[in-house]
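The values are calculated or read from the model by the stated rules, or taken from the named source; none is laboratory data. A quick note: this is a predicted structure, and the numbers were derived from the prediction, not measured. Note that we place each Cβ from the backbone using ideal geometry, even for glycine, and neighbour counts take in every protein chain shown.
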Amino acid sequence: MTEQDKLLEQVTNEDYKFGFVTDIETDIIDIGLNEDVVRLISLKKEEPEWMLDFRLKAYRKWLEMKAPDWAYLKVPPIDYQSISYYAAPKQKKKLNSLDEVDQELLDTFNKLGIPLEEQKHLAGVAVDAVMDSVSVKTTFKEVLAEKGIIFCSFSEAVREFPDLVKKYLGNAVPYADNYFAALNSAVFSDGSFCYIPKGVRCPMELSTYFRINAANTGQFERTLIVADDDSYVSYLEGCTAPMRDENQLHAAVVEIIAMERAEVKYSTVQNWYPGDKNGKGGIYNFVTKRGICRGDYSKISWTQVETGSAITWKYPSCVLMGDHSKGEFYSVALTNHHQQADTGTKMIHIGKNTKSLIVSKGISAGVSNNSYRGLVKVSKRADNARNFSQCDSLLMGSKCGAHTFPYIECANKSAILEHEATTSKISEDQIFYCNQRGIDTEDAVAMIVNGYAKEVLNKLPMEFAVEAQKLLALSLEGSVG
Amino acid sequence: MLETVNYTATEELTDLFYQNIEMYREGCPDFMNNPRGKAIGIFKRRGIPSRKNEDYKYTDLRPVFQNDFSVIPRYVEQNVDLHEVFNCDVPQLNTHLILLINGWYYGRNRKMGNFPEGVICSSLQHAANEHPELVEKYYNQLAGQSEDPMSNLNTALAKDGLFFYVPDNVTIEAPVQVINLMNAKDHTFAIQRNLFVAGKNSEVKIVFCDHTLNQQYYILNNLSECFVNDDARFGFFSVQNQHNGAVNNTHFYAKLGNHAKLDTNVITLNGGIVRNNLQVKLAGEHAHANVNGLILADEKQHVDNATSIDHMMPNCTSSQLYKNILDDQSSGAFSGKIHVFRDAQKTEAFQQNNNVLLTETAEMNTKPQLIIDADDVRCSHGATVGRIDEDALFYLRARGIGEKEARLMIMFAFAEEVLSQIGVPVLRERMEELVDRRLRGELGPCQNCSLSHKK
């Protein structure tokens with residue numbers, strides 16, 4: 001066994017470091033899914049009639065739909081009747097300041113390094129901490145309110161800004177869009193809502209932490225971001241989940257609407273429990289994320305670092321409707337052990353002079369499977385569309401798989417579309433070169449992987465980039481970091 | 001007279017098979033008849049592919065079977081003007097000529113006396129009865145593993161086609177030219193089944209020309225299985241030049257042994273709807289597959305090429321290059337898959353798909369895929385869709401070349417990359433000339449033979 005193999009083995013045997021369970025009383029409804037459960041969720045959340053209608057429509061549609069099987073994934077059958085669709089931390093009273101938040105909850109966040117308190121002052125990050133579906137605390141709301149920015153939990157938005165929610169809900173991801181989006185639309189528990197008014201540049205990074213906590217509860221988040229004319233916002237989403245033995249289902253929906261000249265930057269670091277070395281447990285992550293560049297000169301940029309989850313099924317997409325609009329997708333997806341990921345993007349060019357850029361870096365180790373699946377579509381009237389896609393795969397070990405499934409559909413002659421993909425492994429030469437210069441093999445692998453992913457990591461906001469690098473190290477490189 | 005069975009709905013294909021099962025079994029040995037039941041079962045279950053079938057995402061074959069058409073379950077002697085057909089024997093190409101009509105091996109083919117000893121070139125049905133042990137060893141070994149409905153339909157209905165066998169250590173220098181004619185009085189659905197076997201260390205090149213002799217509505221379902229044994233070299237050049245009402249659905253399955261080499265080139269000059277499936281299994285070490293295609297489509301033509309290269313053993317190499325030039329309202333599709341099996345280390349696989357759209361209304365869909373389960377490999381694919389480079393055009397025009405001619409030069413240069421892969425110089429020159437004429441719009445879709453010099 002060469003030193004590299006030893007290292008690989010050591011690295012791929014590394015266990016998940018963020019596993020712990022918070023012991024908080026939660027209000028859980030009985031397992032199972034039927035129309036009454038949908039009504040009950042709506043009732044518990046004190047929702048208006050139109051919201052319930054939306055849920056019911058989605059639920060009825062969901063019943064007719066079939067789980068997609070086209071992805072390069074082996075998904076064990078999911079029993080939707082054995083999941084509880086609602087769990088909220090019991091609130092004793094309304095909270096006005098951090099001091100009133102349950103200490104145990106705060107401890108959890110601190111263990112994860114979520115900067116709920118410190119960052120409030122230091123980094124200027126407003127955190128909407130979502131723990132098991134209900135917003136516990138939203139900070140910086142007052143600061144944002146001054147600018148007219150709405151950043152609140154989804155249920156709050158439904159109560160306080162029904163017109164806005166009603167107008168934009170389901171625009172990017174209709175309730176019948178796909179199996180998991182329909183499920184989410186029917187039973188979504190909570191999430192974040194964000195509205196940036198005309199001409200406002202959001203002064204801070206908005207950030208939400210999702211946590212899956214109570215056992216046996218699926219998490220069905222829904223995020224809606226609306227950026228009005230000439231506005232700008234950068235939104236961060238990051239997750240680490242406690243260790244669990246049973247598989248947990250997560251079917252989130254994220255919708256982004258960008259109006260004229262608006263720009264939205266959405267960054268994700270996803271590190272849910274990936275299951276243990278033998279592929280037992282882990283989160284099933286089926287996410288629908290889509291942004292619409294509705295206005296001319298608008299721009300939506302997705303950046304994701306995917307290291308967790310047993311199964312990832314996720315395609316953050318851009319619909320480029322406005323002329324001169326722009327979509328970007330940067331992704332690092334890392335799979336280890338028995339993890340499976342089928343992730344990528346869709347870029348739908350509809351407006352004239354639209355541009356899109358795709359940079360995807362897959363890293364597979366252990367016996368995992370990592371697929372890129374993407375669509376670039378240029379419709380008939382999308383003159384002068386331009387796309388460049390690059391999908392690279394890095395294989396670590398001989399038992400993992402790296403796959404690429406790009407779809408390119410072009411119906412306009414003025415389009416220029418390019419796609420390239422390569423597959424490689426860390427070569428002996430590279431390691432040797434580093435060794436020669438006094439860098440041991442562990443550090444060399446770490447350096448090479450980080451260098452390989454740099455192009456994407458660079459697109460993350462500062463604090464996130466550090467966290468992401470740490471995650472890559474943790475997920476792959478064992479003690480190296 | 002042709003003996004025909006008329007039918008209307010596509011779903012009736014299955015019933016018709018059962019109703020005429022005796023006619024299909026007639027004259028065929030058991031190893032051809034036995035797989036029919038399973039194959040029709042798969043066809044029935046999966047149905048004629050629509051866009052919902054992921055493998056046929058860009059080609060819906062259902063409308064193709066909406067028209068009334070006949071099938072020909074028995075060989076019928078035809079009076080083909082031999083002089084006209086064989087006229088296209090190009091002297092300097094020095095080919096061996098074989099004629100197939102409506103999927104059947106033409107009974108009056110001249111005896112191929114000049115083949116080396118041991119070479120068998122005959123009707124598949126004839127060979128299956130004459131050399132059962134030889135044919136049985138290979139027949140349906142590759143197609144039988146496929147889940148493709150159209151390929152299974154072929155297995156269910158197959159009766160005849162070309163059987164070509166080259167014994168070990170035999171080299172056939174001159175290319176073997178197969179003229180595949182469609183010529184019937186009615187709209188016709190033809191099934192053709194070919195089997196090529198290249199023995200160890202042998203070499204053969206086959207030129208396959210698909211043509212239509214008249215303007216009937218034709219559907220051709222053509223399946224070829226090709227076995228390239230250890231150290232053998234096999235070349236397959238397919239020239240598709242059918243009229244715009246024809247539907248050509250081909251399946252080409254190849255399996256390569258150690259150090260075997262396969263070259264395929266498909267050149268689509270004309271056709272209504274063309275769907276080419278190509279599947280290569282690199283089942284021996286150090287095997288090499290070179291798979292190329294050039295598609296020129298205009299009007300409302302649709303050409304879809306689906307390739308799949310399985311790297312099953314270590315140290316194999318493969319290279320794919322497909323180019324489409326799409327004019328008018330034509331549409332093209334390419335779906336290429338490279339699958340590197342676990343432990344197929346030291347694989348080098350390369351795939352490229354470049355496409356030019358000449359008009360606002362042309363459409364191109366491409367789907368290059370990599371499935372890689374081994375780590376010490378070098379695999380890459382690239383796909384582009386674009387238009388004629390304005391800078392290149394300007395460069396040529398600045399040198400006094402008219403716009404039309406400049407465009408042609410650029411398109412020809414684009415096509416040349418594929419044509420230059422054709423290993424037989426005479427054939428390459430002929431192809432270059434044909435492509436040039438095709439680009440200039442001077443090539444009729446119904447000329448009897450693309451290799452003829454008829455003016």
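Got at least one residue in the range A:157-166 being buried (at least 19 other Cβ atoms within 10 Å of the Cβ), closer than 20 Å to A:I292 by Cα and either of a type in the set (A, V, I, L, M, F, W, C) or modelled with pLDDT of 85 or more (or both)?
yes
Go through the range A:423-464 residue by residue and tally those that are farther than 30 Å from A:S301 by Cβ, hydroxyl-bearing (S, T, Y) and either at pLDDT below 85 or surrounded by 14 or more Cβ atoms within 10 Å (Cβ to Cβ) (or both).
Adding up the residues that qualify gives 2.
Could you run through the range B:18-59 and say how many residues are within 14 Å of chain A (Cβ to nearest Cβ) and either of a type in the set (A, V, I, L, M) or part of a helix (DSSP H, G or I) (or both)?
Filtering the range B:18-59 for residues within 14 Å of chain A (Cβ to nearest Cβ) gives B:51-59.
So of that shortlist, the ones also either of a type in the set (A, V, I, L, M) or part of a helix (DSSP H, G or I) (or both) come out as B:54-56.
The qualifying residues number 3.
Look through B:T317, B:T307, B:T268 and report the one residue that is within 26 Å of B:E203 (Cα to Cα), surrounded by fewer than 24 Cβ atoms within 10 Å (Cβ to Cβ), of a type in the set (V, I, T) and more than 14 Å from chain A (Cβ to nearest Cβ).
Details: B:T307 fails: surrounded by fewer than 24 Cβ atoms within 10 Å (Cβ to Cβ); B:T268 fails: surrounded by fewer than 24 Cβ atoms within 10 Å (Cβ to Cβ).
Residue meeting the stated conditions: B:T317.
Would you confirm, using the coordinates I've provided, whether A:S185 is among the polar types (S, T, N, Q), at pLDDT 80 or above, closer than 26 Å to A:K346 by Cβ and not in a strand (DSSP E or B)? Talk me through it step by step, then tell me what you get.
On the way: among the polar types (S, T, N, Q): yes; at pLDDT 80 or above: yes; closer than 26 Å to A:K346 by Cβ: yes; not in a strand (DSSP E or B): yes.
Yes, satisfied.
Can you pull out the residues in the range B:325-355 that are charged (D, E, K, R), surrounded by fewer than 21 Cβ atoms within 10 Å (Cβ to Cβ) and farther than 13 Å from B:D376 by Cβ? Walk me through it before giving the result.
Going residue by residue through the range B:325-355, those that are charged (D, E, K, R) are B:327-328, B:337, B:342-343, B:346, B:348.
With surrounded by fewer than 21 Cβ atoms within 10 Å (Cβ to Cβ) added as a condition, the list becomes B:327-328, B:342-343, B:346, B:348.
B:D327, B:D328, listed by residue number.
Report whether or not A:H349 is at pLDDT below 90 and more than 9 Å from chain B (Cβ to nearest Cβ).
In short, no.
Are any of the residues in the range A:387-398 assigned to a loop (DSSP other than H, G, I, E, B) and either surrounded by fewer than 20 Cβ atoms within 10 Å (Cβ to Cβ) or not charged (D, E, K, R) (or both)?
yes
In the range A:365-372, is there at least one residue being surrounded by 24 or more Cβ atoms within 10 Å (Cβ to Cβ) and over 19 Å from A:Y72 (Cβ atoms)?
Taking every residue of the range A:365-372 in turn, none turns out to be surrounded by 24 or more Cβ atoms within 10 Å (Cβ to Cβ) and over 19 Å from A:Y72 (Cβ atoms).
Quick one: which residue in B:K185, B:K137 is surrounded by fewer than 24 Cβ atoms within 10 Å (Cβ to Cβ), basic (K, R) and at pLDDT below 90?
On the way: B:K137 fails: at pLDDT below 90.
After applying the criteria, what remains is B:K185.
Which ones in the range B:125-151 are in contact with a Gly (Cβ under 8 Å, 6 or more places away or on another chain) and either under 25 Å from B:V64 (Cβ atoms) or assigned to a loop (DSSP other than H, G, I, E, B) (or both)? Talk me through it step by step, then tell me what you get.
Of the range B:125-151, the ones in contact with a Gly (Cβ under 8 Å, 6 or more places away or on another chain) are B:125, B:129, B:149.
If the condition is that a residue be in contact with a Gly (Cβ under 8 Å, 6 or more places away or on another chain) and either under 25 Å from B:V64 (Cβ atoms) or assigned to a loop (DSSP other than H, G, I, E, B) (or both), then B:P149 is the only one that fits.
Name, by its number, the condition in (1) at the interface with chain B (Cβ under 9 Å from one of its Cβ atoms); (2) modelled with pLDDT of 90 or more; (3) over 20 Å from A:H337 (Cα atoms); (4) assigned to a strand (DSSP E or B) that does not hold for A:S360.
(1)
Condition (residue is in contact (Cβ under 8 Å) with a residue 24 or more places away in the chain, part of a strand (DSSP E or B) and facing chain A (nearest Cβ under 10 Å)) applied to the range B:387-396: is it met by at least one residue? Reasoning before the result, please.
Within the range B:387-396, the first condition is being in contact (Cβ under 8 Å) with a residue 24 or more places away in the chain, and the residues that meet it are B:387-388.
Right, trim to part of a strand (DSSP E or B) and you get none.
The answer is no, given that none of the residues of the range B:387-396 is in contact (Cβ under 8 Å) with a residue 24 or more places away in the chain, part of a strand (DSSP E or B) and facing chain A (nearest Cβ under 10 Å).
Return only the number of the condition from (1) modelled with pLDDT under 90; (2) closer than 21 Å to A:A411 by Cβ; (3) of a type in the set (D, E, K, R); (4) surrounded by 14 or more Cβ atoms within 10 Å (Cβ to Cβ) that B:D389 does not satisfy.
Going through (1) modelled with pLDDT under 90; (2) closer than 21 Å to A:A411 by Cβ; (3) of a type in the set (D, E, K, R); (4) surrounded by 14 or more Cβ atoms within 10 Å (Cβ to Cβ) one by one, B:D389 breaks only (4).
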